[in-house]
1. Among bridges DSSP assigns within chain B, what percent are antiparallel (round to 5)?
2. Is there a simple number for the mean count of other chain Cβ atoms within 10 Å of the Cβ of residues in A:38-47, and what is it?
3. Between the range B:56-110 and the range A:1-77, what is the C-alpha centre distance in whole Å?
4. Could you work out the Kirkwood radius for chain A, taking every pair of different alpha carbons, averaging 1/r and inverting it, reported in Å?
5. Which one of B:S18, B:S49, B:L76 is farthest out on the positive end of the charge dipole of chain B, using unit charges on Cβ (Lys, Arg +1; Asp, Glu -1) and the Cα centre as origin?
6. Quick one: dipole size for the range B:34-105, taken about the Cα centre, charges +1 on Lys/Arg Cβ and -1 on Asp/Glu Cβ, in debye to the nearest 20.
7. Let me cross-check B:T55: its accessible surface, 1.4 Å probe, with only protein heavy atoms counted, in Å² to the nearest 10?
8. Given the protein chains as shown and a 1.4 Å probe, how many square angstrom of A:V87 are accessible, to the nearest 10?
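The values are calculated or read from the model by the stated rules, or taken from the named source; none is laboratory data. Source: prediction; values computed, not measured. Every residue, glycine among them, receives a Cβ derived from its backbone with ideal geometry; neighbour counts consider all protein chains shown. Quick note on the areas: whole protein, heavy atoms, side chains included, nothing else; ligands and nucleic acids left out. Shrake-Rupley method; radii C 1.70, N 1.55, O 1.52, S 1.80 Å.
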Amino acid sequence: DQQVKQNSPSLSVQEGRISILNCDYTNSMFDYFLWYKKYPAEGPTFLISISSIKDKNEDGRFTVFLNKSAKHLSLHIVPSQPGDSAVYFCAARGAQGGSEKLVFGKGTKLTVNP
Amino acid sequence: NAGVTQTPKFRVLKTGQSMTLLCAQDMNHEYMYWYRQDPGMGLRLIHYSVGEGTTAKGEVPDGYNVSRLKKQNFLLGLESAAPSQTSVYFCASSNTGNEQYFGPGTRLTVT
């Protein structure tokens, strides 16, 4: 059973516009959420995170929103740039009994067109 | 500060052969992880370690063994490789259980 779901395998946006990547989760015990970015032939790199006690975290062009009641988080990239083209993974950490592990979604491939 | 390094970067094995993938980190992290990435499957945890001398099973541990004899190293072994183990393998480390830092990956093909 998939606990972290990224239902859109791919997303294409124009340079300068907003990119919105979505992630849903099923386990209400998750207390920390992360987004990773992965370029081809490289390892994933940490992008931004949010604790379950917050509903928004912002870092430059990247903002993550958390809606606990809906078990949904989203990553907004504004403005999108061609260098943002990559696969984005959503990940979640359990509050107890496995808090050292992350559960990853399957990823969304973002393409930003010039 | 090299971060997380993986050896080798590429490898081709024949079915039944064995090999060991080496992961090293220079950040003094307690936790280390091995993942595999397959098309459309995301990152799946194979085994992990919460400290030197400890190991634990992840989501897809069958066919793999691990060892953490030194804090900075985490080894992933395939005793008898199968074509289903063709994948890209990533090692990661963490000090808090939150952000994990990943290596560049090892692309393994089993024929």
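1. On the way: 34 of 38 bridges.
Of those bridges, close to 90 percent are antiparallel.
2. On the way: counts 5, 0, 0, 5, 5, 15, 10, 3, 6, 1.
Mean partner shielding for this stretch: 5.
3. About 24 Å separates the Cα centre of the range B:56-110 from the one of the range A:1-77.
4. On the way: mean 1/r = 0.0708 Å⁻¹.
Mean inverse Cα-Cα distance, inverted, gives 14.1 Å.
5. Value: B:S18.
6. Details: 6 positive and 6 negative charges, 35 e Å.
With only Lys, Arg, Asp and Glu charged at Cβ, the dipole is about 160 debye.
7. 70
8. 40
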